[in-house]
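Q: My structure is below; once you've seen it, I'll send some questions.
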Amino acid sequence: MKAGVEELTSFLADHPDVEYVDAILFDLCGIVRGKRYPRQDAKGLYENGMQIPFSVFLLDVTGDCPDAGGRGFSDGDPDGIAVPVPGTLKRVPWARVPSAQVLLTMTEQDGSASFLDPRVVLQGVEKRLRDDGLHPVTALELEFYLIDRQRMSDGGPQFPIAPDTGQRDKNTQVYGMWEIESYAAVLRDIEYGCNVQGVPCYTASSEYAPGQFEVNLRHVADGVAAADHASLLKRVVMGVAEKHGFEATFMSKPFTHMAGNGLHIHLSLCDEDGNNLFDDGSDTGSEMLRWAIGGMQATMAEGMALFSPNANGYRRFAPNLYVPVGRTWGVNNRSVAFRVPAGAGPTRRVEHRVCGADANPYLALAAVMVGAHHGITNKIDPGPANTGNAGEHLDPDVPWTWRSALARLEAAEVLPGYMGAEYLGLYHATKTAELEKFQSVITPHEFAWYL
């Protein structure tokens, strides 16, 4: 780890005020976990790695260990070694005390990559594509709400107080520039935080609800880096929002009658020379692009538990909300699941619009890549492109509840061959335990309706 120690030494020399280094990783649910090192102890992280239980990757969304597959309590909760990812040591500009952070990846005690790390799962899928001469270029877009830190009496969220007026925001002005200006200080600090941390954001837009925004990330020719960017962007947004007196939420559907938060995945595939294999000079794209979409259609149902990983996520899917309700595709059409955006031929790509913003970016992107490769390998025809409104009716062949989505994942035929049957089995067990715990709670509605 000599190069890593040199990176740390140089960084600390350039930033003499940094007091702590946060060593972070993202678990199965996409939640950031890790340890905080005082400046003088950070060298040990780079020399020896960080001992941490493998089960940290199998916690449910509340932080409980369900002992999925006998991993946790049953096996004595053994440690793996998390090691720094080169080039990810950056300042944390929103921190109260001068701090830095570094992204980690998990290894076994012998130094080999651990399949329990979602980052490693994505690496394996991406290698499968590259071995076949398919080189992904991808970017992820994330929607989120800024909300008031004061909750409703039932614990629900409130729209934020607009900084320029001091009044509670209640307008839906999609792409509204006044909204961008009103929250300019927050958005500026998000941009600054991204720049400091090497997260390539480039535009922000007001979305389809009060206090809702989207931040776009630049396309990169590295799927794992793209998922790193999305995961780190979430951390930036939440940290900056707190600094400005707001909360930020990537919950799929925080407001019943308002737009949900999506994670849109843009993917093109290039050859070794960088030529876009989805571009044939036409507006609709190449035959390979259509095969990729066909594969995404074929794997959408078995991937829903990854695209929408909790109960709330399925509230997002409803007709006529610019949210996919079927295995549809089209050109320059936001009502479909798999959209081919307009634009110049070399930028030809597919936009996968199914995921909620609370999906794990590594696992979601891995499943999208699986669909693309499966479709290309088997030359799956996606059928005719949809024109007009493709979002009027729910497709009965797609699971639209959390339990049915987990059942489809358990019976998956394509995803295990790429992402690993053992990993998906552990994911299924973790999320099934989370579902059972969720359903064990008696809700206020049950008292109101049935008591």
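The values are calculated or read from the model by the stated rules, or taken from the named source; none is laboratory data. In this text, all values refer to a predicted model and were calculated from it rather than measured experimentally. Please note: Cβ atoms are built from the backbone with ideal geometry, for glycine as well, and neighbour counts cover all protein chains shown. What goes into the accessible areas is simple: the full protein's heavy atoms, side chains included, and nothing from ligands, DNA or RNA. Shrake-Rupley method; radii C 1.70, N 1.55, O 1.52, S 1.80 Å.
Q: Can you pull out every residue in the range 421-441 that is in a helix (DSSP H, G or I) and exposed (fewer than 15 other Cβ atoms within 10 Å of the Cβ)?
A: Within the range 421-441, Ala421, Glu422, Glu436, Lys437, Gln439 qualify.
Q: Is there a residue in the range 47-55 that is among the hydroxyl-bearing types (Ser, Thr, Tyr) and assigned to a helix (DSSP H, G or I)?
A: Scanning the range 47-55 turns up at least one residue that is among the hydroxyl-bearing types (Ser, Thr, Tyr) and assigned to a helix (DSSP H, G or I).
Q: Can you name the number of the only condition in (1) surrounded by fewer than 21 Cβ atoms within 10 Å (Cβ to Cβ); (2) closer than 23 Å to Lys234 by Cα that Ala366 fails?
A: It is condition (1) that Ala366 fails.
Q: Next question. In contact with a strand residue (DSSP E or B) (Cβ under 7 Å, 6 or more places away or on another chain), among the acidic types (Asp, Glu) and modelled with pLDDT under 90 - does that describe any residue in the range 185-207?
A: Checked against the condition, which is being in contact with a strand residue (DSSP E or B) (Cβ under 7 Å, 6 or more places away or on another chain), among the acidic types (Asp, Glu) and modelled with pLDDT under 90, the range 185-207 yields at least one hit.
Q: Can you tell me how many residues within the range 36-53 are surrounded by 16 or more Cβ atoms within 10 Å (Cβ to Cβ) and of a type in the set (Lys, Arg)?
A: Final tally of qualifying residues: 2.
Q: Looking at the range 261-281, which of its residues are touching a Cys at 6+ places or on another chain (Cβ under 7 Å) and open to solvent by less than 10 Å² (accessible area, probe 1.4 Å)?
A: Residues satisfying the conditions are Gly262, Leu263, Ile265.
Q: Working carefully through the options Thr9, Thr88, find the one that is hydroxyl-bearing (Ser, Thr, Tyr), in contact (Cβ under 8 Å) with a residue 40 or more places away in the chain and surrounded by fewer than 20 Cβ atoms within 10 Å (Cβ to Cβ).
A: Thr88
Q: Oh, and also: Output the number of the condition that Thr284 fails; it satisfies all remaining conditions of (1) open to solvent by 50 Å² or more (accessible area, probe 1.4 Å); (2) polar (S, T, N, Q); (3) not in a loop (DSSP other than H, G, I, E, B).
A: Failing condition for Thr284: (3).
Q: Only one of these conditions is not met by Glu214: (1) among the acidic types (Asp, Glu); (2) part of a strand (DSSP E or B); (3) touching a helix residue (DSSP H, G or I) at 6+ places or on another chain (Cβ under 9 Å). Which number is it?
A: Single failed check for Glu214: (3).
Q: If you check Glu446 against the conditions, is it open to solvent by less than 90 Å² (accessible area, probe 1.4 Å), over 30 Å from Pro341 (Cβ atoms), modelled with pLDDT under 95 and charged (D, E, K, R)?
A: The answer is yes for Glu446.
Q: Within the range 312-361, restricting attention to residues that are free of Cβ contacts under 8 Å to residues at least 24 places away in the same chain and of a type in the set (Lys, Arg), which residue is least open to solvent (accessible area, probe 1.4 Å)?
A: Arg339
Q: Looking at Asp22, Asp64, Asp60, which is the one that is touching a helix residue (DSSP H, G or I) at 6+ places or on another chain (Cβ under 6 Å) and touching a residue at least 60 places away in the same chain (Cβ under 8 Å)?
A: Residue meeting the stated conditions: Asp60.
Q: Starting from the range 363-388, keep only residues that are farther than 14 Å from Glu126 by Cα, then list their pairs with residues that are charged (D, E, K, R) and open to solvent by 10 Å² or more (accessible area, probe 1.4 Å) whose Cβ atoms are within a distance under 8 Å, requiring at least 6 positions of separation or different chains.
A: What qualifies is Thr377/Asp132; Asp381/Arg290; Pro382/Arg290.
Q: Now for a different question. Just need a number here: residues in the range 389-415 that are farther than 26 Å from Val125 by Cα and without any contact (Cβ under 8 Å) to a residue 12 or more places away in the chain.
A: 1
Q: Exactly one condition in (1) open to solvent by 20 Å² or more (accessible area, probe 1.4 Å); (2) of a type in the set (S, T, N, Q); (3) in contact with a Phe, Trp or Tyr (Cβ under 8 Å, 6 or more places away or on another chain) is not met by Ser404; state its number.
A: Single failed check for Ser404: (3).
Q: Could you run through the range 366-385 and say how many residues are on the phi > 0 side of the Ramachandran plot and among the charged types (D, E, K, R)?
A: Summing the residues that are on the phi > 0 side of the Ramachandran plot and among the charged types (D, E, K, R) in the range 366-385 gives 1.
Q: From the list Ala100, Ala162, which residue is touching a residue at least 12 places away in the same chain (Cβ under 8 Å), surrounded by 13 or more Cβ atoms within 10 Å (Cβ to Cβ), closer than 30 Å to Pro210 by Cβ and of a type in the set (Gly, Ala, Ser)?
A: Ala162 is the lone residue from the list that is touching a residue at least 12 places away in the same chain (Cβ under 8 Å), surrounded by 13 or more Cβ atoms within 10 Å (Cβ to Cβ), closer than 30 Å to Pro210 by Cβ and of a type in the set (Gly, Ala, Ser).
Q: Here's something else I'd like to know. Across the range 117-144, which residue is most open to solvent (accessible area, probe 1.4 Å) among those that are touching a strand residue (DSSP E or B) at 6+ places or on another chain (Cβ under 8 Å), of a type in the set (A, V, I, L, M, F, W, C) and assigned to a helix (DSSP H, G or I)?
A: Val120
Q: Same structure again: Find all pairs meeting these conditions: Cβ atoms under 6 angstrom apart; at least six residues apart or on different chains; first residue within the range 123-151 and of a type in the set (Phe, Trp, Tyr); second residue open to solvent by less than 40 Å² (accessible area, probe 1.4 Å).
A: Between residues of the range 123-151 that are of a type in the set (Phe, Trp, Tyr) and residues that are open to solvent by less than 40 Å² (accessible area, probe 1.4 Å), the close pairs are Phe144/Val237; Phe144/Ala248; Phe144/Phe250; Phe144/Asn261; Tyr145/Gly211; Tyr145/Gln212; Tyr145/Thr249; Tyr145/Pro254.
Q: With modelled with pLDDT of 95 or more, open to solvent by less than 40 Å² (accessible area, probe 1.4 Å), of a type in the set (A, V, I, L, M) and more than 14 Å from Phe144 (Cβ to Cβ) as the only criterion, which of Ala230, Ala241, Ala221, Ala226 stands out?
A: Just one listed residue meets the conditions, Ala226.
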